[in-house]
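The values are calculated or read from the model by the stated rules, or taken from the named source; none is laboratory data. All values reported here derive from a predicted model rather than from experimental measurement. We place every Cβ from the backbone using ideal geometry, glycine too, and count neighbours over all the protein chains shown. The area values use the complete protein model at the heavy-atom level, side chains included, leaving out ligands, DNA and RNA. Shrake-Rupley method; radii C 1.70, N 1.55, O 1.52, S 1.80 Å.
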Amino acid sequence: MPEKTFDPATAHSRQAEFSFEVGTRLTAQDGSEMLGRTGTITTPHGQVKTPAFIAVGTKATVKALTPAQVERLGAQAVLANAYHLYLQPGADILDEAGGLGRFMGWDGPTFTDSGGFQVMSLGSGFKKVIDMKSVDQSGPDDAVAPGKERMANVDEDGVWFKSHLDGTKHRFTPEVSMGVQHQIGADVMFAFDELTTLQNSRGYQVESLERTRRWAIRCIAEHFRLTDERAAKPYQALFGVIQGAQYEDLRRKACQDLGSMAFDGFGIGGALEKENLGTIVGWCSQELPENKPRHLLGISEPDDIFTAIENGADTFDCVSPTRVARNSAFYTPNGRFNLSGARYKRDFTPLVEGCDCYACLHFTRAYIHHLYKAKELLSHTLISIHNEHFTVNLVESARQAIENGTFFDYKEKVMSRYYAGKPDPQGNPAA
């Protein structure tokens with residue numbers, strides 16, 4: 001096995017083609033240094049100024065948006081999903097096209113996640129999400145959603161799973177995941193890990209964490225082999241994924257184990273309760289190498305963003321801005337509202353007064369309300385542009401606030417308005 005013959009702590013000569021430079025440290029109001037920081041990630045396709053929100057383009061597209069629109073709204077990078085692209089159109093197609101960026105017409109940096117989340121979540125019948133809200137360990141470790149059959153089965157070597165598209169059987173191992181992601185060709189990719197939930201027993205969490213450690217070694221070995229084999233391609237950075245659920249000792253152990261390996265950065269993933277997000281990210285930031293970026297998988301709400309930033313997360317991603325847009329929800333400094341409401345039928349103001357996104361500069365709430373009610377797809381596009389811009393700009397403003405020493409003032413200003421629970425002050429009353 002690779003663990004016996006391969007030293008995962010030895011770096012590859014091409015890793016210098018990817019870099020991360022720490023910028024300004026976040027300081028507390030008493031002047032002491034905190035875990036948060038600004039920085040710059042440098043990839044073969046450009047830089048990412050951090051903290052940064054990475055727009056999600058699951059199937060090589062940010063839903064309802066063109067790459068030009070994504071660039072205009074301010075996104076620095078796009079994240080696609082290895083599981084979905086493996087199933088459709090196939091990683092070989094992207095490789096033949098010249099990689100993810102060229103395939104989708106995006107010139108900037110790109111990320112792919114390993115597909116592990118989708119293999120486990122869809123394979124358990126939970127569709128797009130796994131319950132991370134409660135710690136109930138009374139059920140079996142191989143639980144499935146009610147009325148569903150298990151479509152993913154984990155063993156030491158990898159995972160057998162059935163496609164959610166057509167039921168065909170597939171095999172993902174660390175080596176297969178690395179091969180798929182190398183063909184997809186993103187600038188940043190993630191090691192294949194086993195996703196657990198808050199419902200798994202501690203005993204299973206320990207077992208799974210050790211399996212993820214062994215898989216991490218295999219991922220690095222295969223990544224370096226493919227890097228040599230595909231020497232003419234741009235270097236792709238590999239991030240290790242930190243699991244351990246809600247347990248401090250397991251999270252710290254995972255960080256110590258993977259932090260000693262030759263990863264280019266790290267993803268903080270797996271099960272974590274919202275109220276413990278900052279604590280868990282903080283544990284990881286304390287243990288992981290200071291000179292490597294940390295990506296938090298799957299957050300976009302303002303309170304989570306601020307918590308993640310001040311506890312050391314450098315980048316994060318989430319599908320929420322476009323997903324909620326397709327149900328007419330739009331973000332404002334005063335909270336999130338649904339444009340489907342009757343009060344917006346004659347509201348001839350922009351989604352947010354003063355917002356400089358394309359949707360707000362050119363269209364009114366009344367018009368987008370009409371589009372949504374008429375089932376016109378343009379409503380999805382316009383609200384998605386606004387929501388992505390809102391989230392990207394929120395994080396960019398937080399980065400600037402760290403640099404000029406006003407982070408906590410900025411946080412208080414944003415949070416006090418967004419979570420005040422007041423009605424939309426811009427909305428006209430229903431006729």
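On the stretch given as region 237-259, residues that are within 14 Å of ALA191 (Cβ to Cβ) and either touching a residue at least 60 places away in the same chain (Cβ under 8 Å) or aliphatic (A, V, I, L, M) (or both) total 6.
Restricting attention to region 280-304, the residues being on the phi < 0 side of the Ramachandran plot and under 12 Å from the mean Cα position of the chain (by Cα) number 6. Of everything in region 372-393 that is touching a Cys at 6+ places or on another chain (Cβ under 7 Å) and not hydrophobic (A, V, I, L, M, F, W, C), the residue that is least open to solvent (accessible area, probe 1.4 Å) is HIS386. Scanning region 306-336 for residues that are within 15 Å of ARG37 (Cβ to Cβ) and either of a type in the set (D, E, K, R) or under 13 Å from the mean Cα position of the chain (by Cα) (or both) yields ALA308, GLU310, ALA313, ASP314, THR315, PHE316.
For region 53-60, the criterion of being among the β-branched types (Val, Ile, Thr), modelled with pLDDT of 95 or more and open to solvent by 50 Å² or more (accessible area, probe 1.4 Å) is satisfied by no residue at all.
Here the condition is being at pLDDT 95 or above and over 16 Å from GLY240 (Cα atoms); of SER340, SER285, SER300, it holds for SER340 alone.
Counting only residues that are under 19 Å from PRO289 (Cβ atoms), among the basic types (Lys, Arg) and open to solvent by 50 Å² or more (accessible area, probe 1.4 Å), region 6-52 holds 1 of them.
Applying the condition of being part of a strand (DSSP E or B) and of a type in the set (Lys, Arg) to region 7-64 and asking which residue is nearest to GLY259 (Cα to Cα) yields ARG37. Any residue at all in region 85-92 that is within 17 Å of the chain's Cα centre (by Cα) and either modelled with pLDDT under 95 or buried (at least 16 other Cβ atoms within 10 Å of the Cβ) (or both)? Yes, because at least one residue in region 85-92 is within 17 Å of the chain's Cα centre (by Cα) and either modelled with pLDDT under 95 or buried (at least 16 other Cβ atoms within 10 Å of the Cβ) (or both). Mind counting the residues in region 358-371 that are open to solvent by less than 60 Å² (accessible area, probe 1.4 Å) and touching a residue at least 12 places away in the same chain (Cβ under 8 Å)? The total comes to 8.
Could you go through region 195-214 and let me know if any residue there is modelled with pLDDT of 95 or more, open to solvent by 10 Å² or more (accessible area, probe 1.4 Å), closer than 19 Å to SER13 by Cα and basic (Lys, Arg). No, every residue in region 195-214 fails to be modelled with pLDDT of 95 or more, open to solvent by 10 Å² or more (accessible area, probe 1.4 Å), closer than 19 Å to SER13 by Cα and basic (Lys, Arg).
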